[in-house]
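Dumping the structure here so I can ask a few things about it.
The values are calculated or read from the model by the stated rules, or taken from the named source; none is laboratory data. Small disclaimer: the values here were computed from a predicted structure and weren't measured. Heads up, the Cβs are rebuilt from the backbone with ideal geometry, glycines too, and the neighbour counts pull from every protein chain shown. Note: areas computed on protein heavy atoms with side chains; ligands, DNA, RNA excluded. Shrake-Rupley method; radii C 1.70, N 1.55, O 1.52, S 1.80 Å.
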Amino acid sequence: MKQPPSTRLVFSVVLLVLAGVAIAGGALQTLGETLGHSVQADRLPPFVPSQAPREQPASLAPGVTVPAGPQPAPIPARSNRLFDADHLLAARQALEELPALAGHRLTVFHSIHFYDDGRINLDLVDPQHPSRVDSYHFERGQWRKGAPVDPQRFAPTITLRRSSTALANIDFEAVPRVAQALQAQRNALMGTPGEVGHVYVIVRKGGTLVWLPDEVAGDRQSARLSFDAQGALRSTSHR
């Protein structure tokens, strides 16, 4: 029958095991120190070297206002030449100074048309041949002679004799007056009024000047205007 190991023997074995563990632990620590780090370092988060903070962009830095980049230049509104008396008077002077017309008494046949972009169209009696009529056109600061005009092709009431007047009798500064009166009615009667784009004068019997248009059609009612020879507003009626 086997005898259980004695207590002394068991205690001796335990001491030997503990001694071996101690020796092994010391060797492991020595090996770790030799390799330049401790065994416990594997359990720590990796070391991140400190860096100088990067310079924060000016657009993100607090309290710093970054000037905006180049902004597109505002598009200027197109100038309406119907309201520009200087432009109109300069155009008239340029017409009178054309080599073929300078020094002559100029006579307008039937009408002159003025446009918001600066164009002007009119018919002039040839100062060298009073029975002939030629069209003239002003655009981009220059006059040009256009096609011949046949007065016989107009209505019977429009003749060279009845429907002509001296250029000197037509006040180009009347155009802004007429345009302003028309624009005022547009602004009053229309929800979204556009600018006046066309003003013209007609020569009627005896050299009478009639400025047109003389009516503004509004959203709910219309206005009828009457002008004198200088373009001044004489009366306005609504219907």
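Pairs of alpha-carbon atoms within less than 8 angstrom and 6+ residues apart define the contacts here; what relative contact order does region 126-193 have, in percent?
17
Okay, next question. Amide H neighbours of Val149 under 5 Å, at least 5 residues apart or on other chains, H built in the peptide plane: list them.
Here Val133, Asp134, Ser135 satisfy the definition.
Here's something else I'd like to know. Under the Karplus relation 6.51 cos²θ - 1.76 cosθ + 1.60, θ = phi - 60°, what is the ordered set of whole-Hz ³J(HN,Hα) values for region 174-180, x standing for Gly and Pro?
Working through the residues one at a time gives 6, 4, x, 5, 5, 4, 5 Hz.
Can you give the extra length, in nm with one decimal, that the chain gains between Glu96 and Glu173 once fully stretched, where that is 0.36 nm per residue apart less the Cα-Cα distance?
Here the answer is 26.1 nm.
Additional query: Apply the Kirkwood formula to region 129-239: the hydrodynamic radius equals the inverse of the mean of 1/r over all pairs of different alpha-carbon atoms; give it in Å with one decimal.
Result for region 129-239 stands at 16.0 Å.
Still on this structure, please answer the following. At R0 = 25 Å, how high is the FRET efficiency between Ser79 and Gln230 if r is their beta carbon distance? Nearest 0.05 is fine.
Efficiency for this residue pair is about 0.60.
Using only protein heavy atoms and a 1.4 Å probe, report how much of Arg162 is accessible, in Å² to the nearest 10.
Result for Arg162: roughly 100 Å² accessible.
For region 167-239, what's the relative contact order in percent, using C-alpha pairs closer than 8 Å and at least 6 residues apart?
31
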